[in-house]
1. For 45, 53, give the ranking by accessible area with the largest first, probe 1.4 Å.
2. Per residue, how much accessible surface does the range 132-197 expose to a 1.4 Å probe? Answer in Å², no decimals.
3. Can you give me the three principal axis dimensions of the range 45-122 from its C-alpha atoms, in Å, biggest first?
4. If packing is taken as the average number of other Cβ atoms within 10 Å across a peptide's residues, how do 193-199, 34-40, 115-121 rank, most packed first?
5. Arranged from highest to lowest average of other beta-carbon atoms within 10 Å per residue, in what order do the peptides 25-32, 134-141 appear?
6. Using amide H atoms built in the peptide plane, which far-off residues or other-chain residues are under 5 Å from residue 123 H to H?
Amino acid sequence: MAASRIEGRMYIEETGAGDGDIKVTVEGQEYTAEANYDLDGDGVDDTVTVLTDDGHVAYIDENADGDADVMQTVRADGTVTGQARFEPASGDWVAERPEQHPAPPQDEQPMVVDTPHGDRPIGPATEDTDNDGNPDTAVVTTGTATLLATDVDGDGSADQLVEIGDAGEVTITQHTGDGQWTLVEQGHLDHNGRYTAEPHPPAVATDDATWTFDPPPAPADGPAARPAPGTAWA
């Protein structure tokens, strides 16, 4: 799912933000979410990242079979603090030693969002929404929505956020000052993925609730760990 603004209108594509769905099995139940990050750098998105208050949770498909094999809890500074591997025979997530990731190349450094609590890394830009040949938008998943963060001027910091809720509601905010984001447009997607803007809202700044995410799932010392309660799946 990607978004861009052309001549004052916003266009949202339901495809193009990832390379397919990844299935996560929890206690015999299957959930799917769109892959939105290429962890191994092979050009194919293989990971679902879910934002949390202090970083993100990554569900990784290691063998490209469409199923999540590894779950990692990652701090905002990139440190992996917890890891579990899915065991198909038992259906459990089994805790294992966390594997750290090397720093990304300079051109893949994480985009940051200026929040009321300081800069928040959200991952590298993967989508080119203005068709200039350079990725300018990072796509991340929160507990209740998909967030498209666009760096308009190429300085590595997000200038526009498009939040798409599970029910298709769309909220667009723009960076207007230190830690301040101003609501500029709201709308919704219908069941065909067509976007309709609502009457123009008054310009208001967002509050701290915008930056509150689900807590990360911590792999337990015992045999099983599971995704955070409230995590939204497609």
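The values are calculated or read from the model by the stated rules, or taken from the named source; none is laboratory data. Bear in mind that the values here come from a model prediction, so they are computed numbers and not experimental data. Positions of Cβ are generated from backbone atoms using ideal geometry, with glycine treated the same way; all protein chains shown enter the neighbour counts. To get the accessible areas, we keep the full protein, side chains included, count just its heavy atoms, and leave off ligands, DNA and RNA. Shrake-Rupley method; radii C 1.70, N 1.55, O 1.52, S 1.80 Å.
1. 53, 45
2. Spelled out: the 1.4 Å probe surface of the range 132-197, per residue, equals 44 Å².
3. Projected onto its principal axes, the Cα set of the range 45-122 covers 44, 24, 19 Å.
4. Result, highest mean first: 34-40, 115-121, 193-199.
5. In decreasing order of mean packing, 25-32, 134-141 become 134-141, 25-32.
6. Here the answer is 111, since their amide H atoms fall under 5 Å of that of residue 123.
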